[in-house]
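Take a look at the structure set out below.
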Amino acid sequence: HYQPRLNLADGQIVGLEALVRWRHGERGLLPPSEFVPLAEQSGLIVPLGYWVISRALRDMQALRERGLPALHMAINLSFRQFQDSQLLSTLSRLIAERGVEAQWLEFELTETAVMRRSDLVKQTMDALGRLGVRFSLDDFGTGFSSFVHLNSLPIALLKVDKSFVGGMEEREENRKLVHAMINLAHNLNLEVVAEGVETPEQLDLLRGFGCDQVQGYLISKPLPLAELVEYLTFGSSQQAVLA
């Protein structure tokens, strides 16, 4: 499934986040929280991660073949996969096989991941960056970031966690925190994506704070490829309203 990301400056969809789901034979469609932690523990997250990347690249190719504009494709990258010695070579091969331009690929890393073994993390990020891939920091505000270290990494975007966004309407503290995060990111020359936007009031606050992009159920729920194509083709009126 793919969740669209809206650019607040022009009201256009500029990116997608790939969200893995498991269509279980007995339990139906399972969210990542039901199986990703187990995959992390068992090591299966590495082959699963490559499958997700391959599928996302295939679908990027399919969207372009339908004549749709290029969109950034954000994919969550587990720290275990980030440590895999085959990451660079496998990713290079997959990009070449699909004929996708690497500049449209974005890997989301958590604060916890990028703060571990910082030298190795930076080397890997720099190597992937040379392919053209960009990085975003997911769930910002929920971990422990060293801002000096953060500024030394090739990160293009910060994603404000939905737990902060969701509480903005009721809590002044949340509004102040989100505003401060956005200002901090802009001072570091980073773009900001707010996650979990569900109400027009949240959208208005984020627009007032100068947030760059938003995603959440107000924009669209995560969609399978066929529904995503329909949304991107015919959803312009909804995007115009949000703009």
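The values are calculated or read from the model by the stated rules, or taken from the named source; none is laboratory data. If you're wondering where the values come from, they're calculated on a predicted model, not measured in any experiment. Don't worry about glycine lacking a Cβ; one is built from the backbone with ideal geometry, like all the others, and counts go over all protein chains shown. Surface accessibility is based on the protein's heavy atoms, side chains included, excluding ligands, DNA and RNA. Shrake-Rupley method; radii C 1.70, N 1.55, O 1.52, S 1.80 Å.
Can you give me the number of residues within segment 32-70 that are open to solvent by 50 Å² or more (accessible area, probe 1.4 Å) and more than 26 Å from ASN7 (Cβ to Cβ)?
Selection size over segment 32-70: 10.
Would you mind finding the one in SER78, SER85 that is over 16 Å from GLU97 (Cβ atoms), open to solvent by 60 Å² or more (accessible area, probe 1.4 Å) and out of contact with any Leu (no Cβ under 6 Å at 6 or more places or on another chain)?
Being over 16 Å from GLU97 (Cβ atoms), open to solvent by 60 Å² or more (accessible area, probe 1.4 Å) and out of contact with any Leu (no Cβ under 6 Å at 6 or more places or on another chain) holds for just one of SER78, SER85, which is SER85.
Kindly list, by first and then second residue, each pair from a residue in segment 171-195 that is of a type in the set (A, V, I, L, M, F, W, C) to a residue that is in a helix (DSSP H, G or I) and open to solvent by 60 Å² or more (accessible area, probe 1.4 Å), limited to pairs with Cβ atoms under 6 Å and residues at least 6 apart or on different chains.
Note: pairs meeting the criteria are LEU188/ASN151.
Looking only at segment 55-84, how many residues end up being of a type in the set (Gly, Ala, Ser), modelled with pLDDT of 90 or more and within 16 Å of the chain's Cα centre (by Cα)?
Of the residues in that region, 3 qualify.
When segment 77-101 is examined, which residues are found to be under 18 Å from LEU153 (Cβ atoms) and of a type in the set (Gly, Ala, Ser)?
Answer for segment 77-101, where residues must be under 18 Å from LEU153 (Cβ atoms) and of a type in the set (Gly, Ala, Ser): just SER78.
May I ask you to say which residue of VAL46, VAL20 is assigned to a helix (DSSP H, G or I), closer than 27 Å to PHE79 by Cβ and among the aliphatic types (A, V, I, L, M)?
Every option except VAL46 fails the conditions.
What are the residue pairs meeting all of these: first residue in segment 112-128, first residue among the hydrophobic types (A, V, I, L, M, F, W, C), second residue exposed (fewer than 13 other Cβ atoms within 10 Å of the Cβ), Cβ atoms under 9 Å, and 6 or more apart or on different chains?
Going by the 9 Å Cβ cut-off, the qualifying pairs are MET115/PHE144; MET115/SER146.
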